[in-house]
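Okay, so here's the structure we're looking at.
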Amino acid sequence: MRVSPQKARLVLNLIKGQRVESARNTLLFTKKRVAATVGKLLQSAIDNANHLSTEKGLDVDLDNLYVKHAVANDGPRMKRVRPAPMGRAFRFVRRIAHLEIVLAERNREGASMATVVGDETGGTKKAAPARRALLKAKAKAPAKKKAVGKKATSKK
C-alpha cells in the first residue's frame, strides 16, 4: 500500500492481540486512511480461515480467531524530484508498506492451535505447527576468580 510503514504500524498496533470481531470494530472507528485497507486485509484473512475450514477440512473455529501478528514492512521506495526556488530541485521519497496479518485460533486454554497468514497480495499459507525440541544443557559452574598477587616493590 502507498503509505509509510510508520503510519501503518500505528493502526496495526491497535489490533494486535485482539479477537477478530473487536479488531474489525476498532478498524471501523479508526480515523486513519490506512484503517480501511487494513480492514480489507483482515477480512481477507478471515475469509482465508473460512476457506481452510470448509474446503480444506482443517478444523478452524472462526469465533476463536485472534490477531496473532500484524506487521508493516518497508517496500520499495519511489524517489521523486520537486522543483525548488532558483532552478534547484529537491528530492523526496514516496514510501510503500507491505502489510501482513496473521490470525491464530485460541482454544479454551489460551494456546494457539491453527495459524492462518494473510498478506497484502491475497495469498494464503498455513503456518507449520511450531516444533520445539527441549534440550537440557548441563549448567557450567562459574569460573573461579584468580587471586590477585601483590606487586613487588621496586628497590632503589
**OP:** Filter segment 11-38 down to residues that are of a type in the set (A, V, I, L, M) and surrounded by fewer than 16 Cβ atoms within 10 Å (Cβ to Cβ) and give me whichever is nearest to ARG106 (Cα to Cα).
**Re:** LEU28
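Output the residue which, of all residues in segment 31-59 that are among the hydrophobic types (A, V, I, L, M, F, W, C) and out of contact with any strand residue (DSSP E or B) (no Cβ under 9 Å at 6 or more places or on another chain), is nearest to ARG9 (Cα to Cα).
Here the residue is ALA35.
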Subject >> Matching entry among LEU41, LEU99 (being touching a residue at least 24 places away in the same chain (Cβ under 8 Å), buried (at least 17 other Cβ atoms within 10 Å of the Cβ), assigned to a helix (DSSP H, G or I) and in contact with an Asp or Glu (Cβ under 7 Å, 6 or more places away or on another chain)) >> reply: LEU41
Subject >> Of all residues in segment 15-60 being over 23 Å from SER4 (Cβ atoms) and of a type in the set (Val, Ile, Thr), the one that is modelled with the lowest pLDDT >> reply: VAL60
Original post:
So how many residues does segment 44-60 have that are surrounded by fewer than 20 Cβ atoms within 10 Å (Cβ to Cβ) and among the small types (Gly, Ala, Ser)?
Top reply: 3
Original post:
When segment 68-96 is examined, which residues are found to be surrounded by 10 or more Cβ atoms within 10 Å (Cβ to Cβ) and outside any strand (DSSP E or B)?
Top reply: GLY75, ARG77, ALA84, ARG95, ILE96
**OP:** Scan segment 1-26 for residues that are under 24 Å from ILE96 (Cβ atoms), small (Gly, Ala, Ser) and not in a helix (DSSP H, G or I) and jot them down.
**Re:** SER4
**OP:** Given the conditions (1) under 30 Å from ASN107 (Cα atoms); (2) loosely packed, with under 11 Cβ neighbours inside 10 Å, report the number of the one that ALA8 does not fulfil.
**Re:** (2)
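The values are calculated or read from the model by the stated rules, or taken from the named source; none is laboratory data. All of these numbers come straight from a predicted model, not from anything done at the bench. Neighbour counts run over all protein chains shown; Cβ positions are idealised from the backbone, glycine included.
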